[in-house]
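Read the structure below first, then the notes.
The values are calculated or read from the model by the stated rules, or taken from the named source; none is laboratory data. Since we're looking at a predicted model, the values are computed, not measured. Positions of Cβ are backbone-derived with ideal geometry, glycine not excepted, and every protein chain shown enters the neighbour counts.
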Amino acid sequence: MIQRYLLLVFILASLTLSAQIAPNYYAVTFTDKNDNPFTLDEPEAFLTQRSIDRRINQGIDYNSTDLPITPSYVQQVAEIGVEVWHRVKWINTLVIKTTDESLLDEINALPFVQEVSKLADINQYPPLNKKNFFEVEEQIVSVGIENINTIKSTSSLDYGNALAQIEIINGVPLHDAGFQGQGMVIAVLDGGFQGVPERKVFDSLYANNQMLGARDFASENNNPFEGSTHGTKVLSTMGANWPGAMIGTAPKASYWLLRTEYTDYENIIEEYNWLVGAAFADSVGADVINSSLGYNTFDDPNMDHSWNDLDGNTAIVTIGADLAAAKGILVVNSAGNEGSNDWQYITCPADGDSVFAIGAVDYNGNLVNFSSRGRPEDPRVKPNICAVGSNTIVADPYWDGITSSSGTSFSSPTIAGMTACLWQANPELNNKQIMEAIEISSTQHDNPDNDYGYGIPNYQLANSMVDVKKISNARNNLIVFPNPAADVLFIENMIDPSVVEIYDINGKLVYFNSDQSNSLKVNFLHSGVYVLKLITENNVETIRFLKK
């Protein structure tokens, strides 16, 4: 009896021990993409037509990062006895899983392998609290649908309580002009989208075929609709379309939901997951990526980023974000919630040179203390701009209601959705030009800092300034200069007698003169975009100009 008992104890102990041994993840980086059956001359073999069209529209060439990893390399690594987890083609790297570290030497000996490095030691380090979900839980205030105090807008859309977070960036006029994201594709990289298929706030996305699909690049279960409700809230700031309750900044855009974050641990493998998700977004033709994620510390402190890594070129996820931008995608990323912590600064990939990093303000335009700052010695402006990230209205993921959450996680998608609408209105521009127009429209464009960046954007002004650029580049008999103007505006090719009228962007007459010379003082005007109308006996000409 005692022997049988000891045997049972031994078996149970053995099972417990084996259950504790989980496979670790490793990155296998290759030296090249030689002997590849795919070629840059036939991109349709690995990119959709929509992705190809985006490159053509922005004049972007293909390069080796676009090619899939050489299939024979992948096969030879797999035959050694490891499990292939991800093919990270942009950095020519394979992510593998194995419990047998002795196989790594065999992989390293392959002539086309550059190096093998550990990405996650699941068995050694206890999981930290997730720091990359930019949500300040203690500031959440739940709001039931029956308690909504709907704000009545003059807009044709009934935004419910979400109106204020759109009004502060002056996005309503774009929506009223018909630009609500139609034809634009937004990829949402996040940690899970629990409740999305069931919630009423998203029903129009499914009814109108705006939900293009969902993928899980993070978990073993391969289920994007588990893991976290964070992505659900993020999506709602853009894609919500529930009149009277909540309408997002891009209610008629189309969406891909991509889970790249695994909520059970914080390991650098998630940066590689991010690259896989971004490459997928590129391949299916996404215009905009929203990533309310960021990385600085991990369960294994040996993998932590240092402040010096925030140079836009070091972290794997930042390299990937800049690559996505180089392929014509506009990458919008949370700046981070480290402003009141020891770290204080932005996290990766918000440090990317081509990444649109978004900080957080309250409804009065004041910077929220948790919003991550840019490093003082960094010549780049980070964060780039700010939007409401304190008590931002989001969908409740558990039932058909709305709630509020705080963090740059929610200022970022608010900007991503409205930026998609601005790009819809100006499809001839590239991603960098759209970003520049938004920055120039912002409240402190002339004096950016490391807290607000360029400040709070004005999307109607950004759209008007784009129009100014279009008109100034077109052939027009009427010429005004300098444009932008400070104190005096000169009119070339003026015909006497003539009447000059100036209107603001809301159509209000702000200047009239029936006996006008070829110069006029405009120092009385506030900064912004105006329309000058020159009226002669036989003709009427208009041109827009920008007042500094």
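Restricting to region 51-110, give me the number of residues that are touching a Ser or Thr at 6+ places or on another chain (Cβ under 7 Å) and on the phi > 0 side of the Ramachandran plot.
Qualifying residue count, region 51-110: 1.
Any idea which residue in region 284-302 is farthest from Trp256 (Cα to Cα), counting only those that are aliphatic (A, V, I, L, M) and part of a loop (DSSP other than H, G, I, E, B)? Walk me through it before giving the result.
We begin by selecting, within region 284-302, every residue aliphatic (A, V, I, L, M); these are 284, 286, 288-289, 293.
Filter once more, so that each one left must be part of a loop (DSSP other than H, G, I, E, B): 284, 286, 293.
Working: Val284: 9, Ala286: 8, Leu293: 16 Å.
Out of the qualifying residues, it is Leu293.
Does Val510 count as over 24 Å from Gln460 (Cα atoms), part of a strand (DSSP E or B), modelled with pLDDT of 85 or more and in contact with a strand residue (DSSP E or B) (Cβ under 6 Å, 6 or more places away or on another chain)? Write out each step before concluding.
Values: over 24 Å from Gln460 (Cα atoms): no; part of a strand (DSSP E or B): yes; modelled with pLDDT of 85 or more: yes; in contact with a strand residue (DSSP E or B) (Cβ under 6 Å, 6 or more places away or on another chain): yes.
Considered against the rule, which asks whether it is over 24 Å from Gln460 (Cα atoms), part of a strand (DSSP E or B), modelled with pLDDT of 85 or more and in contact with a strand residue (DSSP E or B) (Cβ under 6 Å, 6 or more places away or on another chain), Val510 comes out as no.
If a residue must be touching a residue at least 40 places away in the same chain (Cβ under 8 Å) and out of contact with any strand residue (DSSP E or B) (no Cβ under 7 Å at 6 or more places or on another chain), how many such residues does region 24-49 contain? First the steps, then the outcome.
Step one: filter region 24-49 for residues touching a residue at least 40 places away in the same chain (Cβ under 8 Å), giving 24-34, 46-49.
Within this subset, residues satisfying the condition of being out of contact with any strand residue (DSSP E or B) (no Cβ under 7 Å at 6 or more places or on another chain) are 32-34, 46-49.
Looking only at that region, the number is 7.
Suppose the filter is outside any helix (DSSP H, G or I), surrounded by 24 or more Cβ atoms within 10 Å (Cβ to Cβ), within 14 Å of the chain's Cα centre (by Cα) and small (Gly, Ala, Ser); does Ala278 pass it? Can you show your working first?
Values: outside any helix (DSSP H, G or I): no; surrounded by 24 or more Cβ atoms within 10 Å (Cβ to Cβ): yes; within 14 Å of the chain's Cα centre (by Cα): yes; small (Gly, Ala, Ser): yes.
Criteria not met by Ala278.
Just one of (1) assigned to a loop (DSSP other than H, G, I, E, B); (2) at pLDDT 95 or above; (3) under 30 Å from Ser442 (Cα atoms) trips up Asn132, so point out which.
(2)
Among the residues in region 101-116, are any out of contact with any Asp or Glu (no Cβ under 8 Å at 6 or more places or on another chain), touching a residue at least 24 places away in the same chain (Cβ under 8 Å), surrounded by 13 or more Cβ atoms within 10 Å (Cβ to Cβ) and more than 18 Å from Phe30 (Cβ to Cβ)?
no
All but one of (1) at pLDDT below 60; (2) surrounded by 17 or more Cβ atoms within 10 Å (Cβ to Cβ); (3) within 25 Å of His230 (Cβ to Cβ) hold for Ser153; which doesn't?
Against the list (1) at pLDDT below 60; (2) surrounded by 17 or more Cβ atoms within 10 Å (Cβ to Cβ); (3) within 25 Å of His230 (Cβ to Cβ), Ser153 comes up short only on (3).
Got a number for residues in region 156-176 being among the small types (Gly, Ala, Ser) and either at pLDDT below 50 or surrounded by 16 or more Cβ atoms within 10 Å (Cβ to Cβ) (or both)?
3
Wholly within region 29-124, which strands (runs of 3 or more DSSP E) include no fewer than the required count, namely at least 3 residues that are modelled with pLDDT under 95 and closer than 27 Å to Glu266 by Cβ? Break it down into steps so the answer makes sense when it comes.
On the way: elements: 83-88, 93-98, 113-120.
Qualifying strands (runs of 3 or more DSSP E): 113-120.
Starting from region 225-238, take each residue that is free of Cβ contacts under 8 Å to residues at least 40 places away in the same chain and list its partners that are in a loop (DSSP other than H, G, I, E, B) and hydroxyl-bearing (Ser, Thr, Tyr), counting only C-beta distances under 9 angstrom and pairs at least six apart or across chains.
Glu226/Ser219; Gly227/Ser219; Gly227/Tyr262; Gly227/Thr263
To keep it simple, each residue is scored yes or no on (1) surrounded by fewer than 23 Cβ atoms within 10 Å (Cβ to Cβ); (2) out of contact with any Asp or Glu (no Cβ under 6 Å at 6 or more places or on another chain); (3) assigned to a strand (DSSP E or B).
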| position | (1), (2), (3) |
| --- | --- |
| Ala321 | no, yes, no |
| Gly339 | yes, yes, no |
| Trp343 | yes, yes, no |
| Gly352 | no, no, no |
| Ile358 | no, yes, yes |
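Let me confirm something: among Asn477, Asn473, which residue is at pLDDT below 75 and in contact with a strand residue (DSSP E or B) (Cβ under 7 Å, 6 or more places away or on another chain)? Write out each step before concluding.
Details: Asn473 fails: in contact with a strand residue (DSSP E or B) (Cβ under 7 Å, 6 or more places away or on another chain).
Answer to the selection: Asn477.
Filter region 303-319 down to the residues that are touching a helix residue (DSSP H, G or I) at 6+ places or on another chain (Cβ under 6 Å) and not in a loop (DSSP other than H, G, I, E, B) and list them by number.
Listed by number, the residues that qualify are Ile316, Val317.
Quick one: which strands (runs of 3 or more DSSP E) lie wholly within region 170-274 and hold at least 3 residues that are aliphatic (A, V, I, L, M) and either under 20 Å from the mean Cα position of the chain (by Cα) or not assigned by TED's automatic domain parsing to the domain that holds Tyr398 (or both)?
Details: elements: 185-190, 211-216, 254-259.
Filter on region 170-274 gives 185-190, 211-216.
Have a look at Asp400, Asp396 and point out the one that is touching a Lys or Arg at 6+ places or on another chain (Cβ under 6 Å) and either among the charged types (D, E, K, R) or closer than 22 Å to Ser354 by Cβ (or both).
On the way: Asp396 fails: touching a Lys or Arg at 6+ places or on another chain (Cβ under 6 Å).
Checking each option against the conditions leaves just Asp400.
Are there any pairs, at least 6 apart or on different chains, whose C-beta atoms fall under 6 Å, with the first in region 480-493 and within 11 Å of Val522 (Cα to Cα) and modelled with pLDDT of 85 or more and the second among the basic types (Lys, Arg) and exposed (fewer than 12 other Cβ atoms within 10 Å of the Cβ), and if so, which?
The qualifying pairs are Val488/Lys521.
Is it true that Asn430 is surrounded by fewer than 21 Cβ atoms within 10 Å (Cβ to Cβ) and in contact (Cβ under 8 Å) with a residue 60 or more places away in the chain? Full working, then the answer.
Values: surrounded by fewer than 21 Cβ atoms within 10 Å (Cβ to Cβ): yes; in contact (Cβ under 8 Å) with a residue 60 or more places away in the chain: yes.
In short, yes.
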